[in-house]
Structures are given as structure tokens and as C-alpha cells.
Amino acid sequence: MMALKIKTEPIAEPLSLFEVKDHLRLDHDEHTEDDLLKTTIIPAARRYAEYVLAWRSFITQTWELWLDAWPDKNYIKLPMPPVQEPVVTAGDFVTGMVYRILTVGATNFIAIGAASNTIGVIFTATGAGSGTGTATASGIIKYYGTDDTEYFLDGSYYAIDKEDQYAPKVYLKYGQSWPGITLRPYNGICVTFVAGYGDSGYDVPQNFRQGLLLLIGHFYEHREEVITGTIVAEVPMAAKALICAEKAY
């Protein structure tokens, strides 16, 4: 079985309030609709587009993929693409965050919680670090034994195929295999990964942004399912066409 859980929500929306109000032909100096648009309609439209229509992540966000068992293939498919592998340089590590070492450089990772100064080592940062070493918080694989002991799969065993825009994967490198330890019977494996086109709405492809404008306009005009006894029309086909054109399967 598989379970998907959002760990870190996006810090922004694909469209600004200004862009939405311009599309809706609302007075930019009028604030009466701001809370409704910002806190309800815009994020609701984005989630509907991401989770129902596109199966994609628009703005950078972190996910956890939980599995009961290792796959019988040499890869784990990651949902909600596109997948990122953002690089963090020593000096910017966040205490308590789990990272996978990408490059060592002049950084002593042992001093900030790592078992060794080796590429692929997973560690929980005990400080910001210093030097030129880099790490990422994406593509972290942890797993649990029958006694709930937590383990991390060394990052040198696997890599992320983030170039595939429809079915990105975490895959085992040549000659490697999944751990042989007996897992607990449920949620024995967790893959943490970062997904999204970027941190800004302008990073999101224009077809998604335009489809979202149509969705938001529809939700704004039809705030109830039934108006004066008439069932409101479904989501506009143009919005679906724009957003579903690159649906991830």
C-alpha cells in the first residue's frame, strides 16, 4: 500500500492577488474581496488543479511517500512531479533538518551530525555548518524495523531521476539492492522529496496559470452549488483542457 502526505506547504501561490483581481476585473483598491480570494478561492483552486486535474506540484513543496514494503523493481515512482533536488550550502543548514550529502568540499560534516565526510551520507544537522560542502533535503529514504527502529538508506546507493516530467523515480544504482531488514507491517518506508516548478508563480508553466485563472473565476462567480434552483455548471472545459494537458499518470 502507498500513502502520500504533504509535509511542507508551498510558501506562495501560482497567481498573485493582483493578477487574479485583474482577471476578475475587480477594483485593485477595493479590499472587500481580498480575504475571500487569498484565504479561500485561490488556494482551493490551486489544490483542485494540483490534486484532481494535473496530479502535479506547482510551487515548491515537500512530500512524504509512505510504503508498506520495498518494491519488486529497482525504483520507487514519485508522484506529484516535477521533482526537485534543491542544493543547500554549508552555512545554511537548518538544525534538526535531515540532509543527504552531495559534495564535501571544505566542510566538516562530522562536526554537524554526520557519521562521516562522505557523499551520500544521511545526517540530521546539529548546526548550520561552514565551508563549501553541499547537501539536499530531497530524496531522503528512511525505513523502520519491526521494533520501530528508524534507519536511513545511504544516499550513495540510489539516485533521483528528476528529468522525467511525468514519472520521476528514486532508483537503485548498479549493483545495489533494497535493505533486507524485516520491516514493520505498515508504513515501513518513507521517501521525502521536494516537488514543484519553483518558488515563484512565474516558474509555473503558463497553461497552468491560465487554467487557474479560469478556475478561480468560476469559483468566484459560483460560490454556491445551487443558485435560484439551478445547478451550477461544472468546471469550465477550457480550464480542464489547459491544466490536464500535462497530467501526470
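The values are calculated or read from the model by the stated rules, or taken from the named source; none is laboratory data. Remember, predicted model here, so these are calculated numbers, not experimental data. Methodologically, a virtual Cβ is constructed for each residue, glycine included, from the backbone with ideal geometry; neighbour enumeration extends over all protein chains shown.
A single entry from A111, A49, A45 fulfils the requirement of being outside the structural domain of A239 (by TED's automatic domain parsing), out of contact with any strand residue (DSSP E or B) (no Cβ under 7 Å at 6 or more places or on another chain) and not in a strand (DSSP E or B): A111.
The residue that is surrounded by the fewest Cβ atoms within 10 Å (Cβ to Cβ), among those in the range 166-204 that are farther than 19 Å from A3 by Cα and among the aliphatic types (A, V, I, L, M), is I181.
For T40, the conditions (1) surrounded by 17 or more Cβ atoms within 10 Å (Cβ to Cβ); (2) free of Cβ contacts under 8 Å to residues at least 12 places away in the same chain; (3) among the β-branched types (V, I, T) are fulfilled apart from (1). Here the condition is being crowded, with 17+ Cβ neighbours inside 10 Å, free of Cβ contacts under 8 Å to residues at least 40 places away in the same chain and of a type in the set (A, V, I, L, M, F, W, C); of A90, A114, it holds for A114 alone.
What about D22, is it assigned by TED's automatic domain parsing to the domain that holds C190 and acidic (D, E)? So D22 fails the test. Scanning the range 54-88 for residues that are under 12 Å from the mean Cα position of the chain (by Cα) and acidic (D, E) yields a total of 2. Of G91, G96, all but one fail to be of a type outside the set (D, E, K, R), more than 20 Å from the chain's Cα centre (by Cα), within 27 Å of Y197 (Cα to Cα) and part of a loop (DSSP other than H, G, I, E, B); the exception is G91.
All of F193, F152, F208, F219 fail the test of being at pLDDT below 95 and of a type in the set (A, V, I, L, M, F, W, C), apart from F219. Y51 passes every criterion in (1) surrounded by 14 or more Cβ atoms within 10 Å (Cβ to Cβ); (2) under 14 Å from the mean Cα position of the chain (by Cα); (3) within 30 Å of S177 (Cβ to Cβ) apart from (3). Only a single criterion out of (1) without any contact (Cβ under 8 Å) to a residue 24 or more places away in the chain; (2) within 23 Å of the chain's Cα centre (by Cα); (3) surrounded by 15 or more Cβ atoms within 10 Å (Cβ to Cβ) is not satisfied by E163, namely (3). In the range 119-151, which residues are within 30 Å of D68 (Cα to Cα), small (G, A, S) and surrounded by 15 or more Cβ atoms within 10 Å (Cβ to Cβ)? Matches in the range 119-151: G120, A125, A135, A137, S138, G139.
Among the residues making up the range 105-134, those that are closer than 30 Å to P81 by Cα and touching a helix residue (DSSP H, G or I) at 6+ places or on another chain (Cβ under 8 Å) are T118, I119, G120, V121, I122, F123, A125, A128, G133.
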